[in-house]
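Since the structure comes first, as structure tokens, the remarks are kept for the end.
The values are calculated or read from the model by the stated rules, or taken from the named source; none is laboratory data. These numbers were taken from a predicted model, which means no experiment stands behind them. Cβ placement follows ideal geometry from the backbone for every residue including glycine, while neighbour counts extend to all protein chains displayed.
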Amino acid sequence: MYTRIVENTLRSLRSAPEILILYGPRRVGKNTLLKKLHDERVVENEPTAMYSLDDQTAQAIFGDRLKLAASHAILNGSGQGRFLS
């Protein structure tokens with residue numbers, strides 16, 4: 001797998017206390033990239049968790065809150081989130 005431009009940025013944010021949300025068009029490799037970074041943390045024995053909002057259980061737990069937080073940060077420019085394009 002080749003290194004994506006956003007990969008190094010995500011890697012540098014791994015220790016951030018915030019929840020990182022990666023979103024974008026379908027089938028561009030978001031889950032593949034997150035799985036790679038997740039697996040690196042598992043090998044390094046660092047705490048990690050990965051959820052997909054395609055999963056109905058994750059939607060039930062996080063869905064509305066994450067959608068609200070993301071839309072608030074995008075629409076209001078609140079600066080509470082970091083959005084990578």
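No other residue among 41, 82 is modelled with pLDDT under 75, under 17 Å from residue 10 (Cα atoms) and out of contact with any Lys or Arg (no Cβ under 6 Å at 6 or more places or on another chain) apart from 82. Among the residues of segment 14-31, those that are modelled with pLDDT of 85 or more, in a loop (DSSP other than H, G, I, E, B) and either surrounded by 10 or more Cβ atoms within 10 Å (Cβ to Cβ) or in contact with a His (Cβ under 8 Å, 6 or more places away or on another chain) (or both) comprise 28, 29.
Take the residues in segment 44-78 that are small (Gly, Ala, Ser) and modelled with pLDDT under 75, then tell me which one is surrounded by the fewest Cβ atoms within 10 Å (Cβ to Cβ). Once the filter is applied, the top-ranked residue is 77.
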